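Below you'll find the structure, written out as structure tokens, and then a few comments.
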Amino acid sequence: MNQTTLLDNVNHHDLKIITEHGARFGDNVNQVLTFPSEYADIHREYPILFYRDSAGGDYQSIALLGLARDENLFLDESDWDANYVPAVIARGPFLIGLHGESGEPMIHVDMDSPRVNRSQGQAVFLTHGGHSPYLKRISEILQRIHRGVAGSPDMFAAFAACDLIEPVKLELQLNDNERYIIDHFSTISGERMAALTGAQLESLNRQGYLQLAFYVLASLGNIPQLIERKNRRSVAMVS
């Protein structure tokens, strides 16, 4: 069980965080949660898909990182080969906890994370206790996640009201021997988007969801690049 604690500049004055990426930090995953608050960046690099469990729970957004289980095609030894790292990965060992009756969001840190130490990596606090540039960046990332979590239900409700969400099944043939089927996900229906009435388009646009729907549709154009990454990795493993 993670040892999550409220971050403070007394107990954690000398805390450092390793910011490299790798399997030992849990980065070798083929999908990661994403949020509408980062769609503008995510859709340029990764396919965005929707998922909900078989019990019909709430929809969630995921960014597809690989085709096989425990495969991250953007993970290159100790580096992340993309211009934008998904917020859930970029936040490292930090997360938001809600405090007090008002539910004030505050930064927590998982002290059991292999990234956390006292000697190596980015300093969390300055010598005299102020927030380091790294921690300020983490705070921005956590705020983006917090906004995304809060805004997701309303976005999906708006998509559902316009009947835009449809199941998707991706059958990807890499070569004669490798074929991947990605199902149990949903996406935005391009056909239904094209058939929206003026009133529906105006409503979605006014709420800020029309552009998000277009981001999801556009993100599917990253699937060929994902296949290309997979082919390059397969060739490298053979050679």
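The values are calculated or read from the model by the stated rules, or taken from the named source; none is laboratory data. Computed from a prediction, not measured in an experiment: that's the story for all the values here. Cβ coordinates were reconstructed from backbone atoms using ideal geometry, including for glycine residues, and neighbour counts include every protein chain displayed. Each accessible area value is taken on the protein alone, full model and side chains, heavy atoms only, with ligands, DNA and RNA left out. Shrake-Rupley method; radii C 1.70, N 1.55, O 1.52, S 1.80 Å.
Being in a helix (DSSP H, G or I), under 25 Å from P36 (Cβ atoms) and open to solvent by less than 80 Å² (accessible area, probe 1.4 Å) narrows it down to one of R144, R137, so name that one.
Values: R137 fails: open to solvent by less than 80 Å² (accessible area, probe 1.4 Å).
Criteria check complete, one pass: R144.
Residue under question is A158, and the condition is that it be in a loop (DSSP other than H, G, I, E, B) and of a type in the set (G, A, S); does it hold?
Working: in a loop (DSSP other than H, G, I, E, B): no; of a type in the set (G, A, S): yes.
No; evaluated as a whole, the condition is false for this residue.
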Fill in the blank from the handout: Result of the Cβ filter at 6 Å on region 201-214, keeping first residues that are open to solvent by 30 Å² or more (accessible area, probe 1.4 Å) and partners that are in a helix (DSSP H, G or I), at least 6 apart or interchain, is Q207/A158; Y209/M155; Y209/A158
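Taking P133 as the residue in question, decide whether it is of a type outside the set (D, E, K, R) and under 30 Å from K16 (Cβ atoms).
Details: of a type outside the set (D, E, K, R): yes; under 30 Å from K16 (Cβ atoms): yes.
Considered against the rule, which asks whether it is of a type outside the set (D, E, K, R) and under 30 Å from K16 (Cβ atoms), P133 comes out as yes.
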Problem - The lone exception for N72 - which of (1) in contact with a Ser or Thr (Cβ under 9 Å, 6 or more places away or on another chain); (2) in a loop (DSSP other than H, G, I, E, B); (3) surrounded by 17 or more Cβ atoms within 10 Å (Cβ to Cβ) it fails - result: (1)
Fill in the blank from the handout: Only one of (1) modelled with pLDDT under 95; (2) touching a helix residue (DSSP H, G or I) at 6+ places or on another chain (Cβ under 8 Å); (3) among the aliphatic types (A, V, I, L, M) does not apply to L98, and that is (2)
Practice task
Please indicate, with yes or no, whether at least one residue in region 79-90 is within 10 Å of V32 (Cβ to Cβ) and part of a loop (DSSP other than H, G, I, E, B).
Solution key: yes
Practice task
Might you check whether a residue that is in contact (Cβ under 8 Å) with a residue 12 or more places away in the chain, surrounded by fewer than 19 Cβ atoms within 10 Å (Cβ to Cβ), in contact with a strand residue (DSSP E or B) (Cβ under 6 Å, 6 or more places away or on another chain) and more than 28 Å from G208 (Cβ to Cβ) occurs anywhere in region 91-105?
Solution key: yes
Practice task
Answer yes if at least one residue in region 25-41 is buried (at least 21 other Cβ atoms within 10 Å of the Cβ), in a loop (DSSP other than H, G, I, E, B) and out of contact with any Asp or Glu (no Cβ under 8 Å at 6 or more places or on another chain), and no otherwise.
Solution key: yes
